[in-house]
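Inspection log for the structure reproduced underneath, given as structure tokens.
Here, each number is a calculation from the coordinates, and none is a lab measurement. For clarity, every value in this text was computed on a predicted model and none was experimentally measured. Every residue, glycine among them, receives a Cβ derived from its backbone with ideal geometry; neighbour counts consider all protein chains shown.
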Amino acid sequence: MPKSNRKASPALGKTPRLAIAILAAGKGTRLKSKHPKVLHEVGGKPLVAHVISAATRVVPAADTYTIIGHEADRVRRALADTGVRFVVQSEQRGTGHAIMTAQEALSNYDHVLVLSGDAPLISPQTISSIRDFHLAERAAMTILTARLDDPTGYGRVIRKSHGGDEVEAIVEQKSLKKGQEKIHEINSGFYAFTTKPLFAHIDELRTANPHGEFYLTDMAEILKKARVVALETSDPHEVLGSNTRAELVALDRYLRMAKCHQLMARGVTIYYPESCVIDADVEVGADTVIEPFVQLLGKTRIGLDCRVRSYSVIKDSLLGDVVTVRPGTIMDQTRIGSGAILGPYSHLRPGSEIGDGAHVGNFVETKKIRLGNHSKANHLTYLGDAEIGSGVNIGAGTITCNYDGINKHKTVIEDSVFVGSDVTLVAPIKVGEGAYIAAASCITENVPADALALGRARQTVKEGWAREKRRAKAAKK
Ligand code: UD1
Ligand code: CA
């Protein structure tokens, strides 16, 4: 939140029309990546997606213009569900050039807030305060600034006078004159412009700089007579950018720790939070304990009083209350009932629905199944495309043979069935309620309710056979 205690004066006359432009066209050369910079993820989300979600809490998505260029189609696809508009800057000739590209769209507004697509910690409150300060100051350009201990790499803000709000110029790192490197007040890359003076003068930008680019920062000097002001933020974290991998990782760590602290404040215990990776949208109920080295990803929601033990990775899953997830369990798009016990080392793949109080144990893989309440599959089993009732016991080593090389087929196991160990169920197949299946059976035909099915060769015993073999061997020597 910015330091200034000035209040925005209510807009005179009609409410000004406000747009947000997000600069997201750059290649991100310093990341040394083949992927577009703004799609690199921090806190489990692309950089620019964080900026968009803050922006669209200040103006509607329909007034938010994301300027894309490098790998524009990929960026557009990744952001399609945000509802923002896109402007394509097909050649990336600098931040000033990006805004020139968007001139036609932005000229319909009175003011435009410009945000940097690679600085993901910006909050809606800070964006609003740039707007309010800009309107109250009746400025042509307002620059959000921050004082950083290490300002290296950022543009420096030269104020007209010490303590005054007005700005003389922004000087980029590479163009700093002697003494200017000592200035710790940096340009955050977040601005507000009044569109009339902006577009009346934007063609005065020149490319006489070390990068040969049109710098948006040069608008400060161009517009200074029309009033350019600086608003210093009190939370310098919010403006941190991600030009390098090291900066990217630092931002990710910051977001992860912030998420852990938010959950802890809501009653969740997280041991060694610095070892856990929890995405922004994850929800966890009070009294749940998260052990070290756990990942909770995507839209995962975990209930009350659960315990998630170490090395578990849970993505886009819903867990009820009092669920125990033992170490090393991997889950993706699953629903887990209350009181269930999973793992260690279970792999629950998409579409697995595990009932209340059910157990899924060591080295059990599930995919697209429903396992009823209090049913158990505790050891070394594959259950795919299956509908399994409640109170069912699935013995160790059971396999649903769901795939014939072309199609997938379904296995139905009704309530209270007992499946012995090492059973193969060749789908499509149905086992009726209360039936028993003998260990080591290969079941290829439906089993009626309450029946016993045996599907294995009868055992033969040859008395004394082994002794005879040993004797014959000894006689040869
Ligand atoms: C910019 C500012 C610098 C400020 C810093 C804050 C300029 C010249 N410098 O430097 O004063 O301290 O941000 O983080 O503006 N982009 C486009 N089109 C382009 C070029 C860039 O859309 O042609 C986008 C990039 O994708 C990025 C943003 O603009 O999201 C900023 O560009 P970047 O190259 O990262 O600027 P910095 O060197 O960080
Ligand atoms: Ca940057």
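Tabulated values for the structure
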| quantity | calculated |
| --- | --- |
| Amide hydrogen neighbours beyond the local backbone of S352, cut-off 5 Å, H modeled | R335, K368, I369 |
| Spatial separation of Cα centroids for region 83-101 and region 133-187, in angstrom | 24 Å |
| Ranked packing of 188-198, 157-167, most packed first, by mean Cβ within 10 Å | 188-198, 157-167 |
| Anchor K368: lysines whose Cα lies under 28 Å away (excluding residues fewer than 8 positions away in-chain) | K45, K299, K315, K376, K408, K410, K430 |
| Dipole in debye (nearest 20) - the chain, about Cα centre, beta carbon charges: Lys, Arg +1; Asp, Glu -1 | 1520 debye |
| Those lysines that a straight Cα-Cα span of less than 22 Å connects to K196, excepting residues fewer than 8 apart in one chain | K14, K224, K225 |
| Amide H partners (placed H, <5 Å) of V114, local residues excluded | A21, Y191, A192, F193 |
| Karplus-derived HN-Hα couplings along region 90-102 (A = 6.51, B = -1.76, C = 1.60, θ = phi - 60°), whole Hz, x at Gly and Pro | 6, 10, 8, 10, x, 5, x, 5, 4, 6, 4, 4, 8 |
| Region 353-394 shape via C-alpha gyration tensor axes, a/c threshold 1.5 | oblate |
| Distance from region 203-249 to region 263-315 (C-alpha centre basis), Å | 38 Å |
| Simple Cβ-charge dipole of region 187-343, Lys/Arg +1 and Asp/Glu -1, about Cα centre, in debye nearest 20 | 200 debye |
| Per-residue Cβ neighbour rank within 10 angstrom, fewest leading, R206, R467 | R467, R206 |
| Using θ = phi - 60° and Karplus 6.51 cos²θ - 1.76 cosθ + 1.60, couplings along region 403-412 (whole Hz; Gly, Pro as x) | 10, 9, x, 10, 10, 9, 10, 9, 10, 10 |
| Neighbour-count ranking [beta-carbon atoms within 10 angstrom, fewest first] of S275, S346 | S275, S346 |
| Region 383-458, dipole about Cα centre (Lys/Arg Cβ +1, Asp/Glu Cβ -1), debye to the nearest 20 | 260 debye |
| Residue-averaged [θ]222 nm for the chain, counting only DSSP H segments that reach four residues, each worth -39500 (n - 2.57) | -5500 deg cm²/dmol |
| Integer Hz, Karplus 6.51/-1.76/1.60 couplings in order for region 298-310, x for Gly and Pro | x, 9, 4, 10, 10, x, 7, 6, 8, 10, 10, 8, 4 |
